[in-house]
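Each remark here refers to the structure printed beneath this line.
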Amino acid sequence: MLSVDGLTVRAGDVELVHDVSFGIAPGERVGLIGESGSGKSLTALSLMGLLPEGVTATGRARLGEHDLVGVPESRLKRLRGRELSMVFQEPMTALNPLMRIGAQVAEVMTLHGRPRDEARARAVELLDRVRLPEPAQIARSYPHQLSGGQRQRVMLAIALANDPSLLICDEPTTALDVTVQKQMLELIAEVAPALLFITHDLAVVASVCERVIVMYGGRIVESGPLREVFSRPRHRYTQGLLAASKLTPRGTRLPTIAGSVPPAGRFPAGCVFRNRCPHATPQCETAPDLTGDGHAYACWHPAEENPAQEHPAEEHAADPAADRADH
Ligand SMILES: Nc1ncnc2c1ncn2[C@@H]1O[C@H](COP(=O)(O)OP(=O)(O)OP(=O)(O)O)[C@@H](O)[C@H]1O
Ligand SMILES: [Mg+2]
């Protein structure tokens, strides 16, 4: 349904996202993970046609029969909020503080041609669908009268208003407390027609998605079924990410991946991870291709398929969901 092929994002001559390809089937929930600065948001914003000033995307992305990259803004405007919608981290900045909730939900429908009365009625239905208590009363409220969790539900109602075929969420629950976050994640997983879910929280991705894409340095370094990637990571970056997410019994973090993410444009040539990778060899100066059906990875020296042979102690790190209660 969504197919992205060779998506590259640049700011001037600096490449921020390089040759990214993936697909999402109807009903599928795909997680996009990676450290800060890995290119997750820019990938999503390219699909929405919402890249910042001075940043451009090339390559191909199609949603159903619609092209998303390299098409005029007027065409994207018709698709945004209708064929695909996005929920961002901070709902307060996205809502108009001077407009009642119901009117804001209705507006995204009238903008796409739905009659006003019908849109008003459906707005209340949508507020109910995202499990807001007393939806008619919420519709008459202003954003400041709602809690952060309720405002995020309103954003989800707005995103769903025109029955999009794809929902993109970028760190939608980072600002919420843990209990509210859990309910919100369950709701997103339930209502999304198909989902691209961006987060740096591996436990969150494990609770929502069935497939995962790992990005680093603007590239996809590994992708595949979530259980497989999390229990048998092959790329050394994924392996490090999973090990670093593991909390020890005393609640202290294990060492994180050595070094830090370089600024955009400063990644090494060849394998982008090689300057932080304990397994790097001269071969890594040549960029490895992303290979493998289903579970794919771009690494010259992948971890053993059976982790017990190599790092017996790391086997537990493969299930960050088990740590959720500790976060
Ligand atoms: N407008 C811009 N101009 C130049 N560089 C940018 C611009 N926006 C983002 N970048 C750079 O592109 C890289 C990828 O950014 P992106 O926002 O996609 O990262 P991310 O994976 O979403 O990170 P985070 O987890 O912090 O949200 C970063 O190095 C960032 O500094
Ligand atoms: Mg981001």
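The values are calculated or read from the model by the stated rules, or taken from the named source; none is laboratory data. What you see is a predicted model; the values in this text were computed from it and never measured. Because the Cβ atoms are built from the backbone with ideal geometry, glycine has one as well, and the counts that use them run over all protein chains shown.
Does CYS209 fit the bill of being buried (at least 20 other Cβ atoms within 10 Å of the Cβ) and touching a His at 6+ places or on another chain (Cβ under 8 Å)?
Spelling it out, it is not the case that CYS209 is buried (at least 20 other Cβ atoms within 10 Å of the Cβ) and touching a His at 6+ places or on another chain (Cβ under 8 Å).
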Check LEU247, LEU226, LEU242 and return the single one that is within 24 Å of the chain's Cα centre (by Cα), at pLDDT 95 or above and closer than 27 Å to VAL178 by Cα.
LEU226
Counting only residues that are surrounded by 13 or more Cβ atoms within 10 Å (Cβ to Cβ) and more than 16 Å from VAL9 (Cβ to Cβ), which one in region 34-66 is nearest to ligand 1 (Cβ to nearest atom)?
GLU35
So which residues in region 136-190 are of a type in the set (Gly, Ala, Ser) and under 20 Å from THR110 (Cα atoms)?
ALA136, ALA139, SER141, ALA157, ALA159, ALA161, SER165
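Yes/no matrix, rows are residues, columns are (1) touching a strand residue (DSSP E or B) at 6+ places or on another chain (Cβ under 8 Å); (2) in a strand (DSSP E or B):
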| residue | (1), (2) |
| --- | --- |
| SER141 | no, no |
| HIS144 | no, no |
| ARG153 | no, no |
| ALA157 | no, no |
| PRO164 | yes, no |
| THR173 | no, no |
| LEU176 | no, no |
| GLU222 | yes, yes |
Considering region 186-205 alone, what residues qualify as being in a helix (DSSP H, G or I), surrounded by fewer than 21 Cβ atoms within 10 Å (Cβ to Cβ) and either away from ligand 1 (no atom under 16 Å from the Cβ) or not assigned by TED's automatic domain parsing to the domain that holds ARG29 (or both)?
GLU186, LEU187, ALA189, GLU190, VAL191
Which of the strands (runs of 3 or more DSSP E) contained wholly in region 1-94 include at least 1 residues that are in the same structural domain as ILE257 (by TED's automatic domain parsing) and closer than 23 Å to LEU290 by Cβ?
2-11, 14-24, 29-33, 55-63
